[in-house]
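The values are calculated or read from the model by the stated rules, or taken from the named source; none is laboratory data. Keep in mind that this is a model prediction, so the values were computed, not measured. Quick reminder, even Gly has a Cβ in these numbers, built from the backbone with ideal geometry, and neighbours come from all protein chains shown.
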Amino acid sequence: MPHRLSITLTETESAAHRPSLLAVDRAISDIRRGQIVIIDGEEGALTLTLAAEGATKSAIQRLKSLSHNQPHLILSAKRVQTLGLGQFKNQAVCVEMGKALRPDLIEGLVNPLASVSKNDFFDIPFIDAPLRSGENAAIGLTKLARLIPAAITVRLENNKRPQDLNQWLKDNHLLYLKTDDIFGYEEAAARSLRAVSDAQVPLADAPNTKIVAFRPSDGGIEHLAIIIGEPDPREPVLIRIHSECFTGDLVGSLRCDCGDQLRGAIKTIAERGSGILLYLAQEGRGIGLVNKLRAYKLQDSGVDTFDANEQLGFDADERIYLPAAQILSHLGINQVRLMTNNPEKVSVLQSCNVDVVERVEHAFPTNKHNEPYIFAKATKGGHYL
(Lines give C-alpha, C1' and ligand atoms only; values in the text may rest on other atoms or scores of the structure.)
Protein backbone atom coordinates (compact mmCIF):
# COMPACT_ATOMS: atom_id res chain seq x y z
CA MET A 1 0.00 0.00 0.00
CA PRO A 2 1.52 3.39 -0.98
CA HIS A 3 2.61 5.86 1.64
CA ARG A 4 0.10 8.73 1.39
CA LEU A 5 0.67 12.44 1.64
CA SER A 6 -0.34 14.05 4.90
CA ILE A 7 -2.75 16.96 4.40
CA THR A 8 -3.80 18.88 7.51
CA LEU A 9 -6.44 21.55 7.06
CA THR A 10 -5.84 24.42 9.46
CA GLU A 11 -6.66 28.07 9.93
CA THR A 12 -3.57 28.56 12.10
CA GLU A 13 -2.03 31.95 11.38
CA SER A 14 1.58 33.00 11.70
CA ALA A 15 1.77 35.57 14.48
CA ALA A 16 5.11 36.75 13.13
CA HIS A 17 3.75 37.65 9.70
CA ARG A 18 0.11 38.59 10.22
CA PRO A 19 0.38 42.30 11.23
CA SER A 20 2.62 43.29 8.32
CA LEU A 21 0.63 41.18 5.85
CA LEU A 22 -2.62 42.85 6.87
CA ALA A 23 -1.05 46.31 6.58
CA VAL A 24 0.12 45.66 3.02
CA ASP A 25 -3.13 43.95 2.03
CA ARG A 26 -5.09 47.01 3.16
CA ALA A 27 -2.63 49.35 1.45
CA ILE A 28 -3.06 47.42 -1.80
CA SER A 29 -6.81 47.92 -1.55
CA ASP A 30 -6.43 51.64 -0.82
CA ILE A 31 -3.95 52.36 -3.58
CA ARG A 32 -6.05 50.49 -6.15
CA ARG A 33 -8.97 52.76 -5.21
CA GLY A 34 -6.91 55.90 -5.77
CA GLN A 35 -6.27 56.58 -2.08
CA ILE A 36 -3.10 57.97 -0.48
CA VAL A 37 -0.91 55.64 1.59
CA ILE A 38 1.82 56.67 4.07
CA ILE A 39 5.10 54.75 3.96
CA ASP A 40 7.65 55.13 6.77
CA GLY A 41 11.14 54.88 5.27
CA GLU A 42 14.45 53.90 6.82
CA GLU A 43 15.70 57.49 6.78
CA GLY A 44 12.96 58.70 9.13
CA ALA A 45 11.01 60.41 6.36
CA LEU A 46 7.38 59.71 5.61
CA THR A 47 6.55 59.10 1.94
CA LEU A 48 3.02 60.01 0.95
CA THR A 49 2.22 57.93 -2.12
CA LEU A 50 -0.50 57.67 -4.70
CA ALA A 51 -0.64 55.24 -7.63
CA ALA A 52 0.05 57.06 -10.88
CA GLU A 53 -2.39 54.87 -12.78
CA GLY A 54 -5.81 56.47 -12.54
CA ALA A 55 -4.59 59.42 -10.45
CA THR A 56 -7.14 62.23 -10.39
CA LYS A 57 -6.69 65.97 -10.09
CA SER A 58 -8.39 65.98 -6.68
CA ALA A 59 -6.18 63.17 -5.35
CA ILE A 60 -3.03 65.01 -6.47
CA GLN A 61 -4.30 68.20 -4.84
CA ARG A 62 -4.91 66.33 -1.58
CA LEU A 63 -1.35 65.02 -1.72
CA LYS A 64 -0.13 68.61 -1.96
CA SER A 65 -2.40 69.78 0.86
CA LEU A 66 -1.30 67.04 3.23
CA SER A 67 2.41 67.60 2.58
CA HIS A 68 2.53 71.37 1.86
CA ASN A 69 5.00 70.39 -0.81
CA GLN A 70 5.23 69.61 -4.54
CA PRO A 71 4.85 65.88 -5.37
CA HIS A 72 7.04 64.00 -7.84
CA LEU A 73 6.32 61.26 -10.30
CA ILE A 74 8.39 58.08 -9.97
CA LEU A 75 8.48 55.72 -12.94
CA SER A 76 10.78 53.20 -14.59
CA ALA A 77 13.78 54.40 -16.55
CA LYS A 78 12.87 51.84 -19.23
CA ARG A 79 9.60 53.65 -19.86
CA VAL A 80 11.31 57.04 -20.24
CA GLN A 81 13.91 55.52 -22.55
CA THR A 82 11.12 54.03 -24.67
CA LEU A 83 9.76 57.56 -25.14
CA GLY A 84 13.18 58.59 -26.46
CA LEU A 85 13.73 61.06 -23.62
CA GLY A 86 17.15 59.90 -22.44
CA GLN A 87 19.30 57.04 -21.17
CA PHE A 88 19.60 56.34 -17.44
CA LYS A 89 21.85 54.27 -15.20
CA ASN A 90 19.24 53.75 -12.46
CA GLN A 91 16.17 51.53 -12.80
CA ALA A 92 13.74 54.31 -11.87
CA VAL A 93 13.69 58.06 -12.37
CA CYS A 94 12.10 60.95 -10.52
CA VAL A 95 10.14 63.43 -12.63
CA GLU A 96 9.85 67.02 -11.41
CA MET A 97 6.68 68.02 -13.20
CA GLY A 98 5.72 70.98 -11.01
CA LYS A 99 2.44 72.48 -12.19
CA ALA A 100 2.50 70.06 -15.14
CA LEU A 101 1.61 67.22 -12.77
CA ARG A 102 -1.74 66.71 -14.49
CA PRO A 103 -3.61 63.40 -14.96
CA ASP A 104 -3.35 63.54 -18.76
CA LEU A 105 0.43 64.07 -18.77
CA ILE A 106 0.90 61.46 -16.05
CA GLU A 107 -1.04 58.93 -18.13
CA GLY A 108 1.07 59.79 -21.15
CA LEU A 109 4.30 59.26 -19.26
CA VAL A 110 3.51 56.04 -17.43
CA ASN A 111 1.31 54.13 -19.87
CA PRO A 112 3.00 53.02 -23.11
CA LEU A 113 -0.43 52.54 -24.68
CA ALA A 114 -1.43 56.17 -24.19
CA SER A 115 -1.64 58.29 -27.32
CA VAL A 116 0.93 61.00 -26.65
CA SER A 117 3.74 62.86 -28.36
CA LYS A 118 7.13 62.94 -26.71
CA ASN A 119 7.19 66.64 -27.54
CA ASP A 120 4.82 67.09 -24.58
CA PHE A 121 7.62 66.06 -22.22
CA PHE A 122 10.79 67.70 -23.56
CA ASP A 123 10.75 70.48 -20.96
CA ILE A 124 10.22 68.13 -18.00
CA PRO A 125 13.37 67.30 -16.00
CA PHE A 126 14.11 63.62 -15.32
CA ILE A 127 16.35 63.06 -12.30
CA ASP A 128 18.59 60.01 -12.69
CA ALA A 129 19.44 59.33 -9.06
CA PRO A 130 18.97 56.38 -6.67
CA LEU A 131 15.57 56.47 -5.02
CA ARG A 132 15.14 56.55 -1.27
CA SER A 133 13.56 53.56 0.44
CA GLY A 134 10.08 55.07 0.68
CA GLU A 135 10.00 55.81 -3.04
CA ASN A 136 11.23 52.33 -3.93
CA ALA A 137 8.60 50.90 -1.63
CA ALA A 138 5.93 53.00 -3.36
CA ILE A 139 6.86 51.39 -6.69
CA GLY A 140 6.85 47.99 -5.01
CA LEU A 141 3.37 48.62 -3.65
CA THR A 142 1.98 49.46 -7.10
CA LYS A 143 3.47 46.22 -8.39
CA LEU A 144 1.81 44.24 -5.61
CA ALA A 145 -1.45 45.98 -6.51
CA ARG A 146 -1.00 44.82 -10.15
CA LEU A 147 -1.05 48.43 -11.34
CA ILE A 148 1.45 50.07 -13.70
CA PRO A 149 4.66 50.44 -11.60
CA ALA A 150 4.61 54.22 -11.22
CA ALA A 151 3.77 56.37 -8.21
CA ILE A 152 3.22 60.00 -7.30
CA THR A 153 5.12 60.66 -4.08
CA VAL A 154 6.09 63.45 -1.75
CA ARG A 155 8.34 63.24 1.30
CA LEU A 156 7.81 64.60 4.78
CA GLU A 157 11.28 64.74 6.28
CA ASN A 158 11.81 63.69 9.87
CA ASN A 159 11.75 67.26 11.16
CA LYS A 160 8.37 67.84 9.49
CA ARG A 161 6.60 64.73 10.72
CA PRO A 162 3.37 65.44 12.63
CA GLN A 163 4.02 65.56 16.37
CA ASP A 164 1.19 63.13 17.01
CA LEU A 165 1.48 60.85 13.98
CA ASN A 166 -1.28 58.45 15.04
CA GLN A 167 -3.78 61.26 15.50
CA TRP A 168 -2.78 62.85 12.18
CA LEU A 169 -3.29 59.52 10.41
CA LYS A 170 -6.65 59.09 12.09
CA ASP A 171 -7.83 62.63 11.33
CA ASN A 172 -6.94 62.23 7.65
CA HIS A 173 -8.10 58.62 7.29
CA LEU A 174 -4.66 57.49 6.11
CA LEU A 175 -3.16 54.02 6.19
CA TYR A 176 0.42 53.73 7.49
CA LEU A 177 2.96 50.99 6.85
CA LYS A 178 6.72 50.51 6.80
CA THR A 179 9.02 49.87 3.86
CA ASP A 180 9.99 46.46 5.24
CA ASP A 181 6.31 45.46 5.25
CA ILE A 182 6.20 46.03 1.47
CA PHE A 183 9.61 44.60 0.59
CA GLY A 184 8.94 41.46 2.68
CA TYR A 185 5.31 40.94 1.72
CA GLU A 186 5.67 38.19 -0.88
CA GLU A 187 8.00 36.12 1.28
CA ALA A 188 5.85 36.59 4.38
CA ALA A 189 2.69 35.65 2.47
CA ALA A 190 4.36 32.52 1.11
CA ARG A 191 5.64 31.45 4.51
CA SER A 192 2.18 31.90 6.05
CA LEU A 193 0.43 29.58 3.58
CA ARG A 194 -1.87 27.01 5.15
CA ALA A 195 -4.12 24.33 3.65
CA VAL A 196 -7.72 25.50 4.07
CA SER A 197 -9.79 23.17 1.87
CA ASP A 198 -9.50 19.99 -0.18
CA ALA A 199 -11.75 17.81 -2.30
CA GLN A 200 -11.67 14.97 -4.80
CA VAL A 201 -12.06 16.48 -8.28
CA PRO A 202 -11.98 13.87 -11.07
CA LEU A 203 -10.38 15.35 -14.18
CA ALA A 204 -10.86 14.28 -17.79
CA ASP A 205 -7.33 12.87 -18.07
CA ALA A 206 -6.81 12.13 -14.36
CA PRO A 207 -9.92 10.74 -12.61
CA ASN A 208 -8.09 10.13 -9.32
CA THR A 209 -7.32 13.75 -8.44
CA LYS A 210 -7.54 15.82 -5.28
CA ILE A 211 -7.26 19.62 -5.19
CA VAL A 212 -5.96 21.33 -2.05
CA ALA A 213 -6.25 25.10 -1.58
CA PHE A 214 -3.51 26.97 0.31
CA ARG A 215 -4.25 30.48 1.62
CA PRO A 216 -1.88 33.10 3.14
CA SER A 217 -2.76 34.42 6.58
CA ASP A 218 -3.91 37.82 5.29
CA GLY A 219 -6.73 36.08 3.44
CA GLY A 220 -5.09 36.69 0.06
CA ILE A 221 -5.51 34.74 -3.16
CA GLU A 222 -5.12 30.98 -2.85
CA HIS A 223 -2.59 28.74 -4.59
CA LEU A 224 -3.62 25.19 -5.48
CA ALA A 225 -2.01 21.77 -5.26
CA ILE A 226 -3.55 19.42 -7.82
CA ILE A 227 -2.59 15.98 -6.52
CA ILE A 228 -2.93 13.22 -9.09
CA GLY A 229 -2.90 9.61 -7.96
CA GLU A 230 -1.11 8.72 -4.72
CA PRO A 231 2.38 10.32 -4.73
CA ASP A 232 4.81 8.69 -2.32
CA PRO A 233 6.72 11.43 -0.42
CA ARG A 234 9.51 8.95 0.33
CA GLU A 235 10.42 9.00 -3.37
CA PRO A 236 11.12 11.92 -5.75
CA VAL A 237 7.68 13.17 -6.80
CA LEU A 238 6.90 14.23 -10.37
CA ILE A 239 5.70 17.85 -10.23
CA ARG A 240 4.84 20.72 -12.51
CA ILE A 241 4.80 24.37 -11.33
CA HIS A 242 2.23 26.22 -13.42
CA SER A 243 1.45 29.93 -13.12
CA GLU A 244 -2.21 30.70 -13.76
CA CYS A 245 -3.08 31.98 -17.23
CA PHE A 246 -6.71 32.98 -17.73
CA THR A 247 -6.31 33.44 -21.48
CA GLY A 248 -4.44 30.18 -22.14
CA ASP A 249 -5.82 27.89 -19.42
CA LEU A 250 -9.49 28.89 -19.52
CA VAL A 251 -10.43 30.35 -22.91
CA GLY A 252 -7.84 28.61 -25.08
CA SER A 253 -5.69 31.51 -26.26
CA LEU A 254 -3.22 30.60 -28.99
CA ARG A 255 -0.83 33.44 -28.07
CA CYS A 256 0.95 31.28 -25.48
CA ASP A 257 1.52 27.60 -24.73
CA CYS A 258 0.10 27.72 -21.20
CA GLY A 259 -3.08 25.77 -21.92
CA ASP A 260 -1.11 23.01 -23.65
CA GLN A 261 1.35 22.91 -20.76
CA LEU A 262 -1.42 22.69 -18.15
CA ARG A 263 -3.46 19.96 -19.78
CA GLY A 264 -0.35 18.17 -21.02
CA ALA A 265 1.13 18.07 -17.53
CA ILE A 266 -2.05 16.65 -16.01
CA LYS A 267 -2.22 13.94 -18.67
CA THR A 268 1.48 13.07 -18.39
CA ILE A 269 1.40 12.89 -14.58
CA ALA A 270 -1.64 10.59 -14.72
CA GLU A 271 0.00 8.35 -17.31
CA ARG A 272 3.13 8.04 -15.16
CA GLY A 273 1.11 7.04 -12.11
CA SER A 274 1.16 10.02 -9.76
CA GLY A 275 2.43 13.51 -9.13
CA ILE A 276 1.44 17.07 -8.32
CA LEU A 277 0.68 20.17 -10.36
CA LEU A 278 1.17 23.34 -8.32
CA TYR A 279 -1.14 26.05 -9.70
CA LEU A 280 0.23 29.41 -8.56
CA ALA A 281 -1.79 32.66 -8.58
CA GLN A 282 0.79 34.60 -10.62
CA GLU A 283 -1.00 35.66 -13.81
CA GLY A 284 1.11 37.07 -16.63
CA ARG A 285 4.48 36.12 -15.07
CA GLY A 286 3.38 37.99 -11.95
CA ILE A 287 2.07 41.26 -13.48
CA GLY A 288 -1.65 40.44 -13.43
CA LEU A 289 -4.25 39.94 -16.15
CA VAL A 290 -4.87 43.61 -17.00
CA ASN A 291 -1.18 44.32 -17.45
CA LYS A 292 -0.77 41.10 -19.44
CA LEU A 293 -3.43 42.35 -21.87
CA ARG A 294 -1.51 45.64 -22.09
CA ALA A 295 1.64 43.66 -22.82
CA TYR A 296 -0.20 41.80 -25.58
CA LYS A 297 -1.14 45.12 -27.14
CA LEU A 298 2.51 46.18 -27.08
CA GLN A 299 3.53 42.87 -28.65
CA ASP A 300 1.15 43.61 -31.51
CA SER A 301 3.37 46.60 -32.30
CA GLY A 302 6.43 44.39 -32.62
CA VAL A 303 8.10 44.07 -29.20
CA ASP A 304 8.57 40.66 -27.57
CA THR A 305 6.98 39.41 -24.36
CA PHE A 306 9.94 40.39 -22.17
CA ASP A 307 10.37 43.89 -23.59
CA ALA A 308 6.62 44.47 -23.29
CA ASN A 309 6.72 43.77 -19.55
CA GLU A 310 9.70 46.09 -19.16
CA GLN A 311 8.08 48.90 -21.15
CA LEU A 312 5.21 48.73 -18.66
CA GLY A 313 7.76 49.17 -15.87
CA PHE A 314 7.94 45.58 -14.64
CA ASP A 315 10.84 43.18 -14.60
CA ALA A 316 10.75 40.67 -17.45
CA ASP A 317 9.52 38.06 -14.95
CA GLU A 318 8.01 39.03 -11.58
CA ARG A 319 7.19 35.54 -10.33
CA ILE A 320 8.48 33.96 -7.14
CA TYR A 321 8.55 30.23 -6.39
CA LEU A 322 8.68 30.23 -2.59
CA PRO A 323 4.92 29.47 -2.46
CA ALA A 324 5.59 26.27 -4.41
CA ALA A 325 8.38 25.28 -2.02
CA GLN A 326 6.19 26.00 1.02
CA ILE A 327 3.33 23.90 -0.34
CA LEU A 328 5.69 21.01 -1.03
CA SER A 329 6.98 21.32 2.54
CA HIS A 330 3.43 21.18 3.89
CA LEU A 331 2.89 18.01 1.86
CA GLY A 332 6.07 16.46 3.25
CA ILE A 333 7.85 16.41 -0.13
CA ASN A 334 11.59 17.09 -0.20
CA GLN A 335 12.68 15.59 -3.53
CA VAL A 336 11.06 16.26 -6.89
CA ARG A 337 11.32 15.51 -10.57
CA LEU A 338 10.43 18.86 -12.10
CA MET A 339 8.57 19.09 -15.41
CA THR A 340 9.88 22.26 -17.03
CA ASN A 341 11.84 23.71 -19.91
CA ASN A 342 12.77 26.74 -17.79
CA PRO A 343 16.17 26.19 -16.10
CA GLU A 344 15.51 29.11 -13.75
CA LYS A 345 12.69 27.17 -12.11
CA VAL A 346 15.17 24.43 -11.27
CA SER A 347 17.72 26.76 -9.69
CA VAL A 348 15.17 28.88 -7.83
CA LEU A 349 13.38 25.85 -6.42
CA GLN A 350 16.70 24.42 -5.26
CA SER A 351 17.49 27.74 -3.56
CA CYS A 352 14.24 27.22 -1.61
CA ASN A 353 15.65 23.96 -0.19
CA VAL A 354 13.79 21.64 -2.57
CA ASP A 355 15.98 18.89 -4.00
CA VAL A 356 15.36 18.77 -7.77
CA VAL A 357 16.78 15.38 -8.69
CA GLU A 358 15.73 15.56 -12.35
CA ARG A 359 14.43 18.01 -14.92
CA VAL A 360 11.74 16.38 -17.03
CA GLU A 361 11.28 17.84 -20.52
CA HIS A 362 7.94 19.57 -21.02
CA ALA A 363 7.37 21.16 -24.45
CA PHE A 364 4.63 21.28 -27.07
CA PRO A 365 4.36 22.16 -30.78
CA THR A 366 4.09 25.84 -31.63
CA ASN A 367 1.47 27.53 -33.78
CA LYS A 368 1.63 30.64 -35.97
CA HIS A 369 0.26 32.78 -33.13
CA ASN A 370 2.70 31.78 -30.37
CA GLU A 371 5.91 31.20 -32.34
CA PRO A 372 7.33 34.68 -31.50
CA TYR A 373 6.47 34.11 -27.82
CA ILE A 374 8.18 30.70 -27.71
CA PHE A 375 11.20 32.08 -29.60
CA ALA A 376 11.57 34.95 -27.10
CA LYS A 377 11.38 32.54 -24.16
CA ALA A 378 14.18 30.49 -25.71
CA THR A 379 16.48 33.35 -26.78
CA LYS A 380 15.91 35.79 -23.89
CA GLY A 381 14.54 33.59 -21.10
CA GLY A 382 16.95 30.72 -21.62
CA HIS A 383 14.16 28.15 -21.98
CA TYR A 384 14.88 24.88 -23.71
CA LEU A 385 12.97 24.27 -26.94
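Brief remarks on what is shown
- Residues considered: 276, 327. Of these, the only one that is assigned by TED's automatic domain parsing to the domain that holds residue 211, at pLDDT 95 or above, outside any helix (DSSP H, G or I) and not acidic (Asp, Glu) is 276.
- Among residues of region 364-384, those that are assigned to a loop (DSSP other than H, G, I, E, B) and either touching a Phe, Trp or Tyr at 6+ places or on another chain (Cβ under 7 Å) or within 24 Å of residue 298 (Cα to Cα) (or both), counted: 9
- In region 174-215, the residues that are among the small types (Gly, Ala, Ser), surrounded by 21 or more Cβ atoms within 10 Å (Cβ to Cβ), in contact with a His (Cβ under 9 Å, 6 or more places away or on another chain) and not in a helix (DSSP H, G or I): 192
- Residues in region 338-349 that are more than 15 Å from residue 265 (Cα to Cα) and surrounded by 22 or more Cβ atoms within 10 Å (Cβ to Cβ): 349 only.
- Cross-chain or 6+ apart pairs with Cβ under 9 Å, region 132-152 first and without any contact (Cβ under 8 Å) to a residue 60 or more places away in the chain, then part of a loop (DSSP other than H, G, I, E, B): 136/41; 136/130; 140/149
- Enumeration of residues in region 56-79 that are basic (Lys, Arg) and within 29 Å of the chain's Cα centre (by Cα): 57, 62, 78, 79
- Counted residues, region 288-317 - those being surrounded by 17 or more Cβ atoms within 10 Å (Cβ to Cβ) and over 19 Å from residue 53 (Cα atoms): 7
- Those residues of region 234-262 which are surrounded by fewer than 17 Cβ atoms within 10 Å (Cβ to Cβ) and under 22 Å from residue 213 (Cβ atoms), in sequence order: 246, 250
- Any pair with Cβ under 6 angstrom, 6 or more apart, that starts in region 351-370 at a residue that is assigned by TED's automatic domain parsing to the domain that holds residue 241 and aliphatic (A, V, I, L, M) and ends at one that is surrounded by fewer than 11 Cβ atoms within 10 Å (Cβ to Cβ) and modelled with pLDDT under 90: none
- Scanning region 55-84 for residues that are on the phi > 0 side of the Ramachandran plot and without any contact (Cβ under 8 Å) to a residue 24 or more places away in the chain yields a single hit, 68.
- Only one of the numbered conditions (1) surrounded by fewer than 23 Cβ atoms within 10 Å (Cβ to Cβ); (2) more than 30 Å from residue 356 (Cβ to Cβ); (3) not aromatic (Phe, Trp, Tyr) is not met by residue 149, and that is (1).
- One residue stands out among those in region 318-337 that are closer than 22 Å to residue 268 by Cα and in contact with a His (Cβ under 9 Å, 6 or more places away or on another chain): the one that is surrounded by the most Cβ atoms within 10 Å (Cβ to Cβ), which is 324.
- Near pairs, Cβ below 8 angstrom, 6+ apart or cross-chain, from region 233-258 (closer than 19 Å to residue 284 by Cβ) to any residue that is of a type in the set (Lys, Arg) and surrounded by fewer than 21 Cβ atoms within 10 Å (Cβ to Cβ): 241/345; 243/319; 247/255; 248/255
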